[in-house]
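Novice: Below is one structure. I have some questions about it.
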Amino acid sequence: MSETRFTSRTTEAVRPRMSLAVAMLGFFVVALDAQIVNVALPHIRDELGGGLSGLQWVVTGYTLMFSALQLFGGTVSDRTGARRAFGIGMVVFVIGSAACGFAPGLAVLIAGRVVQGIGAAMITPTSLALIREAYPDTVQRGRAITYWALGGSVAAAAGPVVGGVLTQFGWRWIFFVNLPVGVLALIVLTRVTMSPRRAAPFDWTGQIAAIAALGGLTFGIIEGGSLGYGAPQVLVAFALTVMGGLVFLTAQARGRHPMIPLDLFRSNTVSTGLGIAFVTMAAFYGVVFVQSLYFQEQRGESALVTGFLFLPMTGLVALLNPFVARAMERLGRIVTTIGGMALMVVGLFALALAPSGTPIIVRALLMIPVGLGGSFTVPPLTALIMDHVPAERAGTASGALNTARQMGGSLGIAVFGAVLAVQPAFQTGLRMDYMGTGVVLLLLAATPLRLRKAG
């Protein structure tokens, strides 16, 4: 009898850890794949062909679906249960990774990246849901979420380096590495308790319209850089963006089950916070994309060296992440947010104004303020938004924030690449990208001052 009780207690103690382990594995591989591809882009172009727009699609095919389907993934998690939804998402992600690794051409690779993005959009919200179910105690849950976030930080820091190392054996290995991690996650998932289900209606009209609007906008920006913004297919894409946007707004305003109720944006704190999150992520993803090409195509460095050149920025972000909470406690959320944005502006201007012959090590050090600034901006923004929405809207607001950040990353790469494409010299496009984004962030840095009472 006592042995039975001991076994039961042991099982109960182990199951939450299994939920945390599988959540960390899922978030790790999703975050890793957002960064690992950049350093391999020149090698992909050498083998599969395609111009700058093709490389942009290799990155944005993933981030576009990841951003567009975040809220959809949360709804699937509620309807089918977090455990089952996580398993489905991981299987989709692994299939997409295998398709990328075996891709015979650029079109198949981009399609595989789209499939990966669909899987990632299901993995991220369900990983947090698994932690919420496994740790009912708020203190333990807070610690678990810290570990979960740490996994993402480590993945972001390791992504360029791992990508550089694997590319030495062939760029396809940056996708094959996902297969054993995904299989391990699915094995651990079998030790996780089944999740409850609840009725959660889909907003099909809003979801389809959102994908159409985001897809059209991304296509128009990327292809406009190479085909010209007066090309018929580019104009059709922008028209689709407008129509999709109007349908989405109508569905959210009049639909019975909107994904993002529009009254959420009546709060200045929420709307301002989402706007800042969008631009800061656009800046970060844009810098990683452009610098990867710069180091390899303009300075002749290998993928391995390029990966290590990102380490000062990404490594310090992972190491200093725990200090963000202390900064928020001492300085307040508003000041911490403005400080983070100011750091990003300093980094962007420094990169833009650095002479073309600047040593690559100095270039790598100049990227540090961009990474640190982003890490000191998102947490206080998240806290501000969560404090200014009702408890029953917390999940929706969190989903909107993640969507805004991923949309920023996707469109940031599209815009940065489009500017490079229309400029006669790479260095000119690089400077325009960084100076323009720095000016936008500088203007946005004044908007949180209106929210000082909220901080």
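Novice: Could you please let me know if Thr337 is in contact with a Ser or Thr (Cβ under 7 Å, 6 or more places away or on another chain), in a helix (DSSP H, G or I) and open to solvent by less than 40 Å² (accessible area, probe 1.4 Å)?
Specialist: So Thr337 fits the description; yes.
Novice: What about Gln291, is it over 30 Å from Gly163 (Cβ atoms), assigned to a helix (DSSP H, G or I) and not β-branched (Val, Ile, Thr)?
Specialist: So Gln291 does not fit the description; no.
Each row is one residue, and each column tells you yes or no for (1) closer than 17 Å to Gln70 by Cβ; (2) in contact with a strand residue (DSSP E or B) (Cβ under 9 Å, 6 or more places away or on another chain); (3) open to solvent by 70 Å² or more (accessible area, probe 1.4 Å).
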site: Val115; (1), (2), (3): yes, no, no
site: Ser127; (1), (2), (3): yes, no, no
site: Tyr135; (1), (2), (3): no, no, no
site: Gln140; (1), (2), (3): no, no, yes
site: Leu150; (1), (2), (3): no, no, yes
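Novice: Same structure, new question: Answer yes if at least one residue in segment 299-310 is surrounded by 24 or more Cβ atoms within 10 Å (Cβ to Cβ) and part of a loop (DSSP other than H, G, I, E, B), and no otherwise. Step through it out loud before you land on a result.
Specialist: Taking segment 299-310 first, the residues surrounded by 24 or more Cβ atoms within 10 Å (Cβ to Cβ) are 303, 306-307, 309-310.
In the following step, the residues that additionally are part of a loop (DSSP other than H, G, I, E, B) were identified as 310.
Yes - at least one qualifying residue is present in segment 299-310.
Novice: Identify all residues within segment 363-382 that are under 15 Å from Val279 (Cβ atoms) and at pLDDT 85 or above; write none if there are none.
Specialist: Within segment 363-382, Val370, Gly373 meet the criteria.
Novice: Looking at Gly417, Gly429, can you tell me which residue is assigned to a helix (DSSP H, G or I) and closer than 24 Å to Ala212 by Cβ? Before you say what the answer is, go through the steps one by one.
Specialist: Values: Gly429 fails: closer than 24 Å to Ala212 by Cβ.
Step by step, each of Gly417, Gly429 is checked, and only Gly417 is assigned to a helix (DSSP H, G or I) and closer than 24 Å to Ala212 by Cβ.
Novice: Condition first: more than 22 Å from Asn38 (Cβ to Cβ), among the hydrophobic types (A, V, I, L, M, F, W, C) and touching a residue at least 24 places away in the same chain (Cβ under 8 Å). Now tell me which residues in segment 321-345 satisfy that. I'd like the intermediate steps shown before the answer.
Specialist: From segment 321-345, those more than 22 Å from Asn38 (Cβ to Cβ) are 322-342, 345; that's our starting set.
Going one step further and asking which of them are among the hydrophobic types (A, V, I, L, M, F, W, C), we end up with 323-325, 327-328, 331, 334-335, 338, 341-342, 345.
Hits for segment 321-345 are Val324, Ala325, Ala327, Met328, Ile334, Val335, Ile338, Met341, Ala342, Val345.
Novice: Another question about this same structure. Hey, can you tell me all the residues within segment 78-105 that are under 30 Å from Gly245 (Cβ atoms), open to solvent by 10 Å² or more (accessible area, probe 1.4 Å) and free of Cβ contacts under 8 Å to residues at least 60 places away in the same chain?
Specialist: Ile88, Val92
Novice: If you don't mind, another one. Scan segment 221-254 for residues that are buried (at least 20 other Cβ atoms within 10 Å of the Cβ) and within 16 Å of Ala68 (Cα to Cα) and jot them down.
Specialist: Thr241, Gly244, Phe248, Ala251, Gln252
Novice: Among what's in segment 51-85 and is among the polar types (S, T, N, Q) and under 16 Å from Gln406 (Cβ atoms), pick the residue that is farthest from the chain's Cα centre (by Cα).
Specialist: Residue satisfying both the conditions and the ranking: Gln56.
Novice: Further, regarding this structure: Just to check your reading of the model, which residue among Ala327, Ala352 is modelled with pLDDT under 90 and part of a helix (DSSP H, G or I)?
Specialist: Ala327
Novice: If you don't mind, there's one more thing I want to ask. So Val192 ticks every box in (1) in contact (Cβ under 8 Å) with a residue 12 or more places away in the chain; (2) of a type in the set (Val, Ile, Thr); (3) in a helix (DSSP H, G or I) but one. Which box is left unticked?
Specialist: All conditions pass for Val192, except number (3).
Novice: Let me ask something additional. Are any residues in segment 167-178 part of a helix (DSSP H, G or I) and more than 10 Å from Val29 (Cα to Cα), and if so, which ones?
Specialist: Selection gives Thr167, Trp173, Ile174, Phe175, Phe176.
Novice: So Ala199 fits all but one of (1) modelled with pLDDT of 80 or more; (2) open to solvent by 70 Å² or more (accessible area, probe 1.4 Å); what number is the exception?
Specialist: Ala199 satisfies every listed condition except (1).
Residue-by-condition table, conditions (1) of a type in the set (S, T, N, Q); (2) under 18 Å from Leu128 (Cα atoms); (3) at pLDDT below 90; (4) open to solvent by 80 Å² or more (accessible area, probe 1.4 Å):
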site	(1), (2), (3), (4)
Ile174	no, no, no, no
Leu179	no, no, no, no
Asp203	no, no, yes, no
Ala210	no, no, yes, no
Thr218	yes, no, yes, no
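The values are calculated or read from the model by the stated rules, or taken from the named source; none is laboratory data. Nothing here was measured: the structure is a model prediction, and the numbers come from that model. Every residue, glycine as well, gets a Cβ built from its backbone with ideal geometry; the counts of neighbours run over all protein chains shown. Ligands, DNA and RNA are excluded from the accessible area calculation, which covers all protein heavy atoms including side chains. Shrake-Rupley method; radii C 1.70, N 1.55, O 1.52, S 1.80 Å.
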